[in-house]
Amino acid sequence: MAPDALTSELIQLVTAFQTGVATEDERARLERLLEDNPEARAIYLRLADDTVTLHEVRTARLQNESAATEDAR
């Protein structure tokens with residue numbers, strides 16, 4: 001599988017899994033890819049790292065907005 005196609009498929013599968021809408025077939029496909037393909041595991045780890053980073057940015061933004069609201073009172 002071409003790297004771009006693999007990345008696209010993993011993004012789709014991981015997003016479905018993280019949002020709780022993955023079908024059993026999608027979950028099984030993600031599991032197979034991660035078990036069988038070292039490149040898929042590397043991409044998955046980057047996606048997981050990106051997810052954590054985005055969550056941290058969102059949390060910081062919400063905290064900053066909350067602090068600004070409190071300061072404005």
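Largest to smallest in accessible area, the residues 6, 62, 47 fall in the order 62, 47, 6 (1.4 Å probe, all protein chains included).
State, as an integer percentage, the relative contact order of the chain based on alpha-carbon contacts under 8 Å between residues 6 or more apart.
Numbers: 22 pairs, mean separation 18.9, N = 73.
Computed over the chain, the figure is 26 percent.
The long axis of helix 3-18 is offset from the longest Cα principal axis of the chain by roughly 60 degrees. Of the GluC sites (Glu not before Pro) found in the chain, not one falls in a DSSP loop while having at most 10 other beta-carbon atoms within 10 Å. Spin-label point model (7 Å from Cα, Cβ direction): what's the residue 60 to residue 8 distance in nm? Result: 3.2 nm between the two label points. For residue 35, the shell of other residues with beta-carbons less than 13 Å away shows a net charge of +1, using +1 for Lys and Arg and -1 for Asp and Glu.
Using the alpha-carbon atoms, what tilt in degrees (0 to 90, nearest 10) does helix 24-36 show relative to the longest principal axis of the chain? Approximately 80 degrees, to the nearest 10. Excluding ligands, DNA and RNA, the accessible surface per residue across the chain is 76 Å² with a 1.4 Å probe.
By the helix-only formula, in which each DSSP H run with n ≥ 4 contributes -39500 (n - 2.57) and the sum is divided by residues, the chain has a 222 nm mean residue ellipticity of -30500 deg cm²/dmol.
Could you check how many percent of all C-alpha pairs in the chain are farther apart than 15 Å? Tail fraction, whole percent: 62. Angle of helix 38-72 to the longest C-alpha principal axis of the chain, folded into 0 to 90 degrees and rounded to 10: 10°.
The values are calculated or read from the model by the stated rules, or taken from the named source; none is laboratory data. What you are looking at is a predicted structure, and each value in this text was computed from that prediction instead of being measured. So basically every Cβ, Gly included, is an ideal-geometry build from the backbone, and we count neighbours across all protein chains shown. To get the accessible areas, we keep the full protein, side chains included, count just its heavy atoms, and leave off ligands, DNA and RNA. Shrake-Rupley method; radii C 1.70, N 1.55, O 1.52, S 1.80 Å.
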